Structures are given as C-alpha cells and as structure tokens.
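Novice: Have a look at this one.
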C-alpha cells in the first residue's frame, strides 16, 4: 500500500510539474506577444502622453496665458489710439450753440435771442480720434514688464516640470500594467495547478489512497489561488485604464506594453551631492520659483514707482456733421500733461505693504522649495540604490524558491513530507516570482523618480530607450 501511495505521489507531482511548465511557457509567450493593435513601447507611450494628455495641455494653456500677459505689459510702452463714432440730438441751448460752432454752421442769425434761448433740436454725428502716450512713469512700466517676462519664463518652466511629472506617471503606469499582467499569468498558472491537484486528490480520497487532510488542504489552496486570480484580473483592467488615461486614450482602449521588465542597464555613477547640484541647475519647478521671486521683487519696485511723477502727451481730432458723411466742421487739440499724486487716502502705502509681503512670501517659498528639492533628490537617490539591491535580492529569492520547490517535490515523492509542504513551496515560488517583478517595477520607477527629482527626465533619457542589462 505504501509503495502504491508513493507511485501515486510521483505521478501526481510529475503531472503538476508538467502543468506548471506548460503554463510557464504560455506565460512567456504572452510576454513576447502582447495583444496586437494597442501594443506600445515605453517611448511610444511617453510621446503619446506628451501629445495628448489633457492635464499637460492645461499647463501649456497657462504658459500661453503668461505669454499674453507679458505682451500686455510691453504694450504700455506704445501710444494708445482710440476711434469713436457717436450720434446726439437735443435742444439744450448750450449744446445747440456749441454744436453749431463745431459743425462750422454758426451764423449771425444764431445770436437772435428767441432762437438762442429756445433753439430747435439739433442732430450731430461726431467722429473722434484720440491718442495718448505715456513718456515717463517713474519706472512703473519697466518693472511691470520685467515682472511679466519673469512670470512668462516661469510658466514655461512649470510646463516643462509638468512634462517630466507626466513622464514619471507614464513609467509607473506602463510597468504597472506589465506587473499586473504577470501577476495575473502567475495567478492563473497557480489556479490551474491547484485545480488539477484538487481533482486528483478528490478521486484518491474516494478510494482511500490519501487522507482527508490532504484533500481538504488542496481545496483550501485552490480557493486561495482563485481569490488571487480574481484580484489579479481586476488589477490588470485598472492598470490598463490608468495607462490609457495618462496617454490620452479612451479608458476602454486596453493599451498593452510591448516591452518586458528587465534589470536596468548601469548608468553613470554619481554621488548624492552631484545629483543635488544637477537638480539645483536643472529642476524646472525650482527655476520657476526663483523667477517668481524675481517677479515679486520687480512688482514691489513697480508699486513704489507709482508714487513718482508721470508725464505724457495727448491729442485728439474731431469731426462734427449734421448728417453722416455731410458737410462737417473739424478741430484738433494736442498737449502735454504731468501727473503727481498728492494724497490717495493711504491706498498707496497699503499697496506698498502688500507688494512687500508678496515679495517676502515669494522669497520664503523659494527657500522652502530649494530645501524640499534637495530632500527629494536625496530620498530618490537612496530609493534608487535600495530598489536595485531589492531587485538583486528578489532575483536570488526566485532561484532559491525554485530550488526549494524542487527539493520539496523530491521529498514528497519519497513520502518524506506532506501535501501542505508542497503547496507551501509552490506558493513561495509564485510569491518570489511576482516579488521579483514588483522589485523590477520599483527599480524602474525609482530611476525615473531620481531623474525627475533632478530635472533631467526627458524623452531622450536612457530609461525611456529601453536599455536593459544583457
């Protein structure tokens, strides 16, 4: 009887091993041949996101708005010309008297007292051309233009920061789909093996070839693997939707990564201090904050300059006629004006206090941002190193778990251990494989996070070119 049970164990283990190998081959084929149609390389996914992602379009819209505000500020250097066309009708004595003069129709008969005091209604079609040009404003326009240019450049840098943030999210989503897909393949593989084991043990239990505890253990293991498969399938769908959203595709587009996770190629070794220097020079958000601080300082000077004198020229041309296009009188006026505010109820001092507070706020924000960037770089540097080490440890764990499973199978075939130990070894091997994939995912994301924190995560980055270790 003992020999018969040993043979049964050998046959069952061999069948389970064959099933695992078959599922593993199918899994490898799935990795090599993702769903056709929406298969994307990482570089393609990033380019698509940079072209179609609505959130990035929002940042670019803000950059366009800042550019328009800069143009508005520069326009203050130019003269202003206004055209107007109006029509009036009335019998007010002063209005009629003056309008007759401007129309060039005033005669001696208009001095008659009855008509002068009670004139009839008069029409007037007036065409005006007015111009004014501020020649000197104590530097207000100069400082406002300077501030607007700084804010325009800052907005462009914030758009670049938004691009790098988007690239990081695409990397996370892209390899997130790959990990989710691998988890599902592994879970499906485990369910198939668990179903086969449960079916065999059910028949053996009926004939008394295995004890009931082995049969119940197989059923519990099957339920656990089925639960894992359900969760993994949902994870794949959500991961695909996340990638589709980041790349600007419809949520039901079901994009498929065309690249597999692998260990990253070595990059040029840099110390944490070197990465911090790179970030200080290249991080778009930090450079934008510095420009915003300069803009606030220029705004403070502009408010102070508003207290100074202003000088400018003005002029106007006027045409008045009884009918549109009829005979008309014309006149013009030109002059120069100097303005000096003597008292504004304290509003000027309040504006200066507000501008000073805004300048201090911008300076403090810059200091906080600078320290935050340095902390982020140092954290990303340590996480990238740790992620590489975890990937190496996870790779070793896969090798060890496979060897452990082989040993447990041999012991089970020899009748030296029970089914629970075999199932536990199979689960450990599955966990080690999925853990290795998760570690590779974390490594890729950590590398992207490090480059993003330093402000150098761009489309031409080595990470996005798919370079892996041989």
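The values are calculated or read from the model by the stated rules, or taken from the named source; none is laboratory data. Not measured: the values here are computed from a predicted model. Here Cβ is always computed from backbone atoms with ideal geometry, including for glycine, and neighbour counts include all displayed protein chains.
Novice: Hey, residue 308 hits all of (1) under 35 Å from the mean Cα position of the chain (by Cα); (2) part of a loop (DSSP other than H, G, I, E, B) but one; which does it fall short on?
Specialist: (1)
Novice: Also, quick follow-up: For residue 381, which of the numbered conditions (1) under 30 Å from residue 301 (Cα atoms); (2) buried (at least 16 other Cβ atoms within 10 Å of the Cβ) fails to hold?
Specialist: Result: residue 381 passes all but (1).
Novice: If you don't mind, there's one more thing I want to ask. Would you check if residue 168 is touching a helix residue (DSSP H, G or I) at 6+ places or on another chain (Cβ under 7 Å), closer than 25 Å to residue 237 by Cβ and surrounded by fewer than 20 Cβ atoms within 10 Å (Cβ to Cβ)?
Specialist: It is true that residue 168 is touching a helix residue (DSSP H, G or I) at 6+ places or on another chain (Cβ under 7 Å), closer than 25 Å to residue 237 by Cβ and surrounded by fewer than 20 Cβ atoms within 10 Å (Cβ to Cβ).
Novice: For the range 254-283, how many residues meet the condition of being in a helix (DSSP H, G or I) and more than 16 Å from residue 380 (Cβ to Cβ)?
Specialist: Counting residues in the range 254-283 that are in a helix (DSSP H, G or I) and more than 16 Å from residue 380 (Cβ to Cβ) gives 1.
Novice: Please find, among 434, 417, 399, the residue that is free of Cβ contacts under 8 Å to residues at least 12 places away in the same chain, more than 24 Å from the chain's Cα centre (by Cα) and surrounded by 16 or more Cβ atoms within 10 Å (Cβ to Cβ).
Specialist: Sole residue among the options that is free of Cβ contacts under 8 Å to residues at least 12 places away in the same chain, more than 24 Å from the chain's Cα centre (by Cα) and surrounded by 16 or more Cβ atoms within 10 Å (Cβ to Cβ): 417.
Novice: Right, next: Any residue that is within 30 Å of residue 315 (Cα to Cα), out of contact with any helix residue (DSSP H, G or I) (no Cβ under 6 Å at 6 or more places or on another chain), free of Cβ contacts under 8 Å to residues at least 24 places away in the same chain and surrounded by fewer than 16 Cβ atoms within 10 Å (Cβ to Cβ) - is there at least one of those in the range 343-350?
Specialist: Yes; the residues of the range 343-350 include at least one that is within 30 Å of residue 315 (Cα to Cα), out of contact with any helix residue (DSSP H, G or I) (no Cβ under 6 Å at 6 or more places or on another chain), free of Cβ contacts under 8 Å to residues at least 24 places away in the same chain and surrounded by fewer than 16 Cβ atoms within 10 Å (Cβ to Cβ).
Novice: Go through the range 97-130 and count every residue that is touching a residue at least 40 places away in the same chain (Cβ under 8 Å) and more than 30 Å from residue 80 (Cβ to Cβ).
Specialist: 2
Novice: Additional query: Taking the range 27-41, which residues are in a helix (DSSP H, G or I) and either loosely packed, with under 14 Cβ neighbours inside 10 Å or modelled with pLDDT of 95 or more (or both)?
Specialist: 28, 29, 32
Novice: Check residue 251 against each of (1) in contact (Cβ under 8 Å) with a residue 40 or more places away in the chain; (2) surrounded by fewer than 17 Cβ atoms within 10 Å (Cβ to Cβ); (3) not in a helix (DSSP H, G or I) and name the one condition it does not meet.
Specialist: Of (1) in contact (Cβ under 8 Å) with a residue 40 or more places away in the chain; (2) surrounded by fewer than 17 Cβ atoms within 10 Å (Cβ to Cβ); (3) not in a helix (DSSP H, G or I), only one is false for residue 251: (1).
Novice: Scan the range 356-365 and give yes if some residue there is outside any helix (DSSP H, G or I), without any contact (Cβ under 8 Å) to a residue 60 or more places away in the chain and more than 28 Å from the chain's Cα centre (by Cα), otherwise no.
Specialist: No, the range 356-365 contains no residue that is outside any helix (DSSP H, G or I), without any contact (Cβ under 8 Å) to a residue 60 or more places away in the chain and more than 28 Å from the chain's Cα centre (by Cα).
Novice: In the range 205-244, what count of residues is obtained for those that are farther than 16 Å from residue 424 by Cα and touching a residue at least 60 places away in the same chain (Cβ under 8 Å)?
Specialist: So the count comes out to 6.
Novice: I've got another one for you. When the residues of the range 116-145 are narrowed to those that are exposed (fewer than 14 other Cβ atoms within 10 Å of the Cβ) and not in a strand (DSSP E or B), which ends up modelled with the highest pLDDT?
Specialist: Looking at residues that are exposed (fewer than 14 other Cβ atoms within 10 Å of the Cβ) and not in a strand (DSSP E or B), I get 121.
Novice: Next question, about the same structure. I'm checking my understanding of the structure. Among residues of the range 259-276 that are out of contact with any helix residue (DSSP H, G or I) (no Cβ under 8 Å at 6 or more places or on another chain) and modelled with pLDDT under 90, which one is surrounded by the most Cβ atoms within 10 Å (Cβ to Cβ)?
Specialist: 266
Novice: Right, another one. Report whether or not residue 262 is farther than 30 Å from residue 370 by Cβ, under 28 Å from the mean Cα position of the chain (by Cα) and free of Cβ contacts under 8 Å to residues at least 60 places away in the same chain.
Specialist: Answer is no for this residue.
Novice: Right, here's the next one. Only one of 297, 279, 288 is modelled with pLDDT of 95 or more and either on the phi > 0 side of the Ramachandran plot or over 27 Å from the mean Cα position of the chain (by Cα) (or both). Can you tell me which?
Specialist: Result: 297 is the single residue among 297, 279, 288 that is modelled with pLDDT of 95 or more and either on the phi > 0 side of the Ramachandran plot or over 27 Å from the mean Cα position of the chain (by Cα) (or both).
Residue by residue, here is whether (1) under 38 Å from the mean Cα position of the chain (by Cα); (2) in a helix (DSSP H, G or I); (3) modelled with pLDDT of 85 or more holds:
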residue: 376; (1), (2), (3): yes, yes, yes
residue: 403; (1), (2), (3): no, yes, yes
residue: 441; (1), (2), (3): yes, yes, yes
residue: 458; (1), (2), (3): yes, no, yes
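Novice: Among the residues of the range 42-78, which ones are touching a strand residue (DSSP E or B) at 6+ places or on another chain (Cβ under 9 Å) and either free of Cβ contacts under 8 Å to residues at least 60 places away in the same chain or not in a loop (DSSP other than H, G, I, E, B) (or both)?
Specialist: 42, 45, 48, 78
Novice: Looking only at residues that are more than 15 Å from residue 115 (Cβ to Cβ) and in contact with a helix residue (DSSP H, G or I) (Cβ under 7 Å, 6 or more places away or on another chain) in the range 65-105, which one is surrounded by the fewest Cβ atoms within 10 Å (Cβ to Cβ)?
Specialist: 77
Novice: Go through 390, 447 for me and flag whichever is in contact (Cβ under 8 Å) with a residue 24 or more places away in the chain, touching a strand residue (DSSP E or B) at 6+ places or on another chain (Cβ under 8 Å), more than 30 Å from residue 211 (Cα to Cα) and surrounded by 15 or more Cβ atoms within 10 Å (Cβ to Cβ).
Specialist: On inspection, the qualifying residue turns out to be 447.
Novice: Report whether or not residue 316 is more than 40 Å from the chain's Cα centre (by Cα) and exposed (fewer than 11 other Cβ atoms within 10 Å of the Cβ).
Specialist: Against the criterion (more than 40 Å from the chain's Cα centre (by Cα) and exposed (fewer than 11 other Cβ atoms within 10 Å of the Cβ)), residue 316 does not qualify.
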